[in-house]
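Enquirer: Pasting a structure here, questions to come.
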Amino acid sequence: MKLWHKIQSALKNLVRKDLVEDELDSELRAYADMAIAERIAAGMPPTEARRTVLAEFGGIEQVKQAVRDRRAGAGLERIVHDARYGLRQLRRNPGFTITVIFTLALSIGANTAIFSIVSALMLKSLPYSQPERMGTIFMRAEGAEPFGGHHWIDGEQWELLRDNVPSLISAVASGGSNGVNLQAGDRVQYVHAARISAHYLDVLAVRPMLGRNFMDVEDQPHGPRATILSYELWHNTFGGDLDLVGQTIHLKGEPFTVVGVLPRGAKTPTNADLYTALQPSRQGEGSGTNFEVITRLRDGATWQQADAEINRAWAAPSAAWANRHPGSKATYYSVPLQKGVTSELRPKAVTLMLAAGFILLIACANLAGLTLMRVARRSPEIATRLALGASHRQIQMQLWVENLLLALLGGLAGVGVGYVALRGLLILLPKNYLPVAGVPLDVRVLVFTMLISLSTSLLFGMLPALSVRRVDLRSSIARGTAGGGERLRLRQLLISGEVALTVVLLAGSGLLIRTLIHLQTLPPGFNPTGVMTAKASLDDARYRDPAAFHKLLSESIAAMEHIPGVTSAAVGLNLPFERTLNEGVRLHNGPHAGKTVGTDVIYATPGYFRTLEIPLLSGRDFTGADGADTQQVAIVNRTFARKFFPGENPVGHNLDEGTVIVGVVGDTQLSSGLNRIAPLQSEETMYIPATQLGPQILTLVHTWFQPSWIVRTSRPVEGLNVQMQRALASVDPGLPFSGFYAMKDLLAQTLATQRVEVALLTAMASLALLLSAVGIFALVASLVAQRTREIGFRIALGSTIREAIVQVSGTGVRAALSGMLLGLFLCTGALRVMRTVVYGVGIYDAPSILAVVAALALITLLAAMLPAFRIARIDPASTLREE
């Protein structure tokens, strides 16, 4: 009840303020009149009685203020009063207000955009039922070769997991998910298909809207062919036919029975147009670690129990792994699916969040310096208020409220900037780069923005508010300044901190730029000018027969060579800049004879090297005579020859199964396959004739890869894409191209991640540099404004303008120089975290560091000298007359 009365009193004091003030005034005057009347009745003269009572009161207004300070709602009332006063102050100083809000908007907006992605990757739950019970499996190796990472499993491990780990509902999907050709009526369209095991959708807790999930019998090798459609494909291609379940459609040239349709908006890690049963086994792709596993914990089971069962089930495969890696021991453990699917992106997201945090710290330091300047200019006002009875605490609270208003306004602007930045960032990111459904500005992000706005208010408002205690009443009122060596040193320290953090961001950005330049300027090993390529899915029953496959290639190449302007055409399993198939090959000759070595493998037709203009270094090219019934041949690249046949020509040497090396070609840049060291590198590569492939290898490679048709033109050809499709349709009208690519497009796709990283970090480093320059400029400008009289006296007494400019600007230069030295020291540790994303340059790359120092030196000189030039306009005579 007492609390309720207090709340009522507080509301009355705030809402009916005028009435409350009138009542207070009436009460005090009535009390004073009573006290005066008592003294007059005691014989005191009226005038003396009134003076005595007022003296005892200490002043009516002082008594009123004391009452206001103690009544309910007084604290909130003071805050409202301070907020109104603060808004008036901000309106009176639009330049300062706009600068602060603009700075906060940029820094908070950057943090908001990056945190939105971090939240989606790390904090937002996956769109499945009970996502905390979903997981995947990682491997940890301890001993001679310690490492850990996401583990793709093979067919043997899958069977052991499926049959011997009762704590989990387990499922796998093929990492070789490719597009396939769907025949719907008279139309053939290319669709994205994912191959999943029987209980994959059960693990995700996704139930079909129509029909059912896959059954175990459909997931066995050579089992019935079944498919489940996404809602979008069912609606757009089949018109939402409710009777489609149970009917047959044609995929990959074969009949498939539609057994289900997913609900609208259903999400899976692959988000495919349709799903087919994986039918995993230990053969084919199951002979390698090509299956990605997801699990769901059964009711009553624990993750620790599941991990123990997994390690018992995989004891034999782990022993085999240890035999291949002497001194190492492999153990397996479950991780949440959220963490598993984002494991590769998490370090990058955290790095970007740290960079955005640096921007916020730089902005806070910058704003603290600007606010210190403002406090210095307001020293006469502050001193006057202190002299009239205001306390230091009241002045500090006033400054805190002003800073809070600025932070809130900056936070609101930051939400807008963050929204725009996030939309631009999502456009900039490569397609399917983020393994999450969406990146919204949700409540969590808005709460984060509010918190960093409040934190910003505390950070950049703390030092100026504390400096109020050092205001000297006499000097401030007399001279109108609050300058001082201590405050100047504090501002110099803030500038140094800004510059140090800027050096770290610039150095990191410089390394990424140098890396991107290195990757873009690597010798491609072929001539990309005038080359157009197109891909088509041959994961098709019609082309598992080598004869049909060879007929398709030869006739389609011949048709394309008849296109006016086309000088040559060919087909290859892969192109430069792409990831390739990798296989183990046994060497029969040379210093590594008897060893099985890893190599990239690309099938090609005659004319592949001529069309791409890859130089033939020795031996011969493939010819039409290299057929299925002739000697198996291969062509290797220079890296293969130098690594496995050092100092000799490998032409004539044998590989496994009687394959003879007949030629050596130059290296091309490939996307990392075997040795994931850099996005592009020249790896050991073996080319084999497309005409010598058997049905099993055709099925396997076309499950994982789409071959490319390549044409070289002597001049620009109008409608080349249409003519290439027409040439292919002349051989097979039911085979559409899935996409057309110029070689520059493939290079851009391969380096898309590097481009995004460069763009983001460079934007942040540029923003940090801008903020640091503003801080240096403001520091020197404030010194010029505060020391105008002193400088005028010095010039009048014989000092030169040049000496005055150098002296004042040197304050900012020295602060920036100390910040550079501190920043270079911080780089020795901070740049080490970039080892995994820097290629072709060292992490302490001298050109990058020199460029950072040069850029900062130039910006520092400009920022320090420009405001110092105002000294030239000081008139010594006017200064003396003012004194």
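Enquirer: Among what's in region 842-854 and is more than 22 Å from the chain's Cα centre (by Cα) and assigned to a loop (DSSP other than H, G, I, E, B), pick the residue that is surrounded by the most Cβ atoms within 10 Å (Cβ to Cβ).
Expert: Across region 842-854, the extreme among qualifying residues is ASP845.
Each row is one residue, and each column tells you yes or no for (1) at pLDDT 80 or above; (2) open to solvent by 20 Å² or more (accessible area, probe 1.4 Å).
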| site | (1), (2) |
| --- | --- |
| LEU274 | yes, no |
| ASN290 | yes, yes |
| VAL293 | yes, no |
| SER328 | no, no |
| LEU345 | no, yes |
| LEU352 | yes, yes |
| LEU360 | yes, yes |
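Enquirer: If you don't mind, there's one more thing I want to ask. Restricting the first residue to region 229-248 and requiring it to be in contact (Cβ under 8 Å) with a residue 40 or more places away in the chain, which pairs with a second residue that is open to solvent by 30 Å² or more (accessible area, probe 1.4 Å) and assigned to a loop (DSSP other than H, G, I, E, B) meet a Cβ separation below 6 Å and a spacing of at least six or different chains?
Expert: SER230/ASP273; LEU233/ASP273
Enquirer: Go through region 547-595 and count every residue that is free of Cβ contacts under 8 Å to residues at least 60 places away in the same chain and touching a Leu at 6+ places or on another chain (Cβ under 8 Å).
Expert: Residues in region 547-595 being free of Cβ contacts under 8 Å to residues at least 60 places away in the same chain and touching a Leu at 6+ places or on another chain (Cβ under 8 Å): 3 in total.
Enquirer: Quick check on this structure: which one of ARG642, ARG715 is modelled with pLDDT of 90 or more, open to solvent by 20 Å² or more (accessible area, probe 1.4 Å) and over 30 Å from HIS192 (Cβ atoms)? Let's see the steps before the verdict.
Expert: Values: ARG715 fails: modelled with pLDDT of 90 or more.
Within the list ARG642, ARG715, the selection yields ARG642.
Enquirer: Could I ask something else about it? Take the residues in region 766-788 that are open to solvent by 20 Å² or more (accessible area, probe 1.4 Å) and of a type in the set (Val, Ile, Thr); name whichever of them is modelled with the lowest pLDDT.
Expert: Filtering region 766-788 for residues that are open to solvent by 20 Å² or more (accessible area, probe 1.4 Å) and of a type in the set (Val, Ile, Thr), the one modelled with the lowest pLDDT comes out as THR788.
Enquirer: Name the residues in region 305-326 that are among the aromatic types (Phe, Trp, Tyr) and modelled with pLDDT of 85 or more, would you?
Expert: TRP314
Enquirer: Residues in region 719-757 that are of a type in the set (D, E, K, R) and farther than 30 Å from LEU429 by Cβ: how many? Show your work before the answer.
Expert: Our first condition is that a residue be of a type in the set (D, E, K, R); within region 719-757, this holds for 726, 732, 744-745, 755, 757.
Cutting the leftovers down to farther than 30 Å from LEU429 by Cβ gives us 726, 732.
Adding up the residues that qualify gives 2.
Enquirer: For region 261-271, check the following and say yes or no: at least one residue is open to solvent by less than 10 Å² (accessible area, probe 1.4 Å) and at pLDDT below 90. Spell out how you get there, then give the answer.
Expert: Residues of region 261-271 open to solvent by less than 10 Å² (accessible area, probe 1.4 Å): 261-262, 268.
Pick out the ones that are also at pLDDT below 90 and you get 268.
Checking region 261-271: at least one residue is open to solvent by less than 10 Å² (accessible area, probe 1.4 Å) and at pLDDT below 90.
Enquirer: Being among the polar types (S, T, N, Q), surrounded by 15 or more Cβ atoms within 10 Å (Cβ to Cβ) and either at pLDDT 85 or above or over 27 Å from SER496 (Cβ atoms) (or both) narrows it down to one of SER878, SER818, SER809, so name that one. Reasoning before the result, please.
Expert: Working: SER878 fails: surrounded by 15 or more Cβ atoms within 10 Å (Cβ to Cβ); SER809 fails: either at pLDDT 85 or above or over 27 Å from SER496 (Cβ atoms) (or both).
Result: SER818 is the single residue among SER878, SER818, SER809 that is among the polar types (S, T, N, Q), surrounded by 15 or more Cβ atoms within 10 Å (Cβ to Cβ) and either at pLDDT 85 or above or over 27 Å from SER496 (Cβ atoms) (or both).
Enquirer: Looking only at region 575-597, filter to residues that are of a type in the set (Gly, Ala, Ser), open to solvent by less than 50 Å² (accessible area, probe 1.4 Å) and touching a strand residue (DSSP E or B) at 6+ places or on another chain (Cβ under 8 Å); which one of those is nearest to THR685 (Cα to Cα)?
Expert: So in region 575-597, the residues of a type in the set (Gly, Ala, Ser) come out as 584, 590, 593-594.
With the extra rule that they be open to solvent by less than 50 Å² (accessible area, probe 1.4 Å), the set shrinks to 584, 590, 594.
If we keep only those that are touching a strand residue (DSSP E or B) at 6+ places or on another chain (Cβ under 8 Å) too, we end up with 584, 594.
Numbers: GLY584: 11, GLY594: 19 Å.
My answer is GLY584.
Enquirer: Which of the residues spanning region 97-129 are modelled with pLDDT under 80 and under 16 Å from the mean Cα position of the chain (by Cα)?
Expert: Within region 97-129, ALA120, LEU121, MET122, LEU123, LYS124 qualify.
Enquirer: May I ask you to list the residues in region 163-185 that are modelled with pLDDT of 90 or more, part of a loop (DSSP other than H, G, I, E, B) and either in contact with a Cys (Cβ under 6 Å, 6 or more places away or on another chain) or open to solvent by 40 Å² or more (accessible area, probe 1.4 Å) (or both)?
Expert: PRO166
Enquirer: Using beta carbons and a limit of 6 Å, which pairs, at least six apart or on different chains, have the first residue in region 758-770 and of a type in the set (Ser, Thr, Tyr) and the second one in a helix (DSSP H, G or I)?
Expert: Hits for this filter: THR762/SER509.
Enquirer: Looking at (1) open to solvent by less than 30 Å² (accessible area, probe 1.4 Å); (2) within 27 Å of ASN290 (Cα to Cα), find the lone condition where THR691 falls short.
Expert: (1)
Enquirer: Given (1) open to solvent by 50 Å² or more (accessible area, probe 1.4 Å); (2) more than 32 Å from the chain's Cα centre (by Cα), where does HIS518 come up short, assuming only one miss?
Expert: Among (1) open to solvent by 50 Å² or more (accessible area, probe 1.4 Å); (2) more than 32 Å from the chain's Cα centre (by Cα), the lone unmet condition for HIS518 is (2).
Enquirer: Something else about it: So which of ALA763, ALA727 is of a type outside the set (Val, Ile, Thr) and open to solvent by less than 30 Å² (accessible area, probe 1.4 Å)? Break it down into steps so the answer makes sense when it comes.
Expert: On the way: ALA763 fails: open to solvent by less than 30 Å² (accessible area, probe 1.4 Å).
Selected residue: ALA727, the only one of ALA763, ALA727 that is of a type outside the set (Val, Ile, Thr) and open to solvent by less than 30 Å² (accessible area, probe 1.4 Å).
Enquirer: Given the options THR639, THR630, name the one that is assigned to a loop (DSSP other than H, G, I, E, B) and hydroxyl-bearing (Ser, Thr, Tyr).
Expert: None of the other options fit; the residue is THR630.
The values are calculated or read from the model by the stated rules, or taken from the named source; none is laboratory data. Keep in mind it's a predicted model, so treat the numbers as computed, not measured. Counting neighbours? That spans all protein chains shown, and the Cβs are built from the backbone with ideal geometry, glycine included. Areas reflect the complete protein model, heavy atoms only, side chains present, ligands, DNA and RNA absent. Shrake-Rupley method; radii C 1.70, N 1.55, O 1.52, S 1.80 Å.
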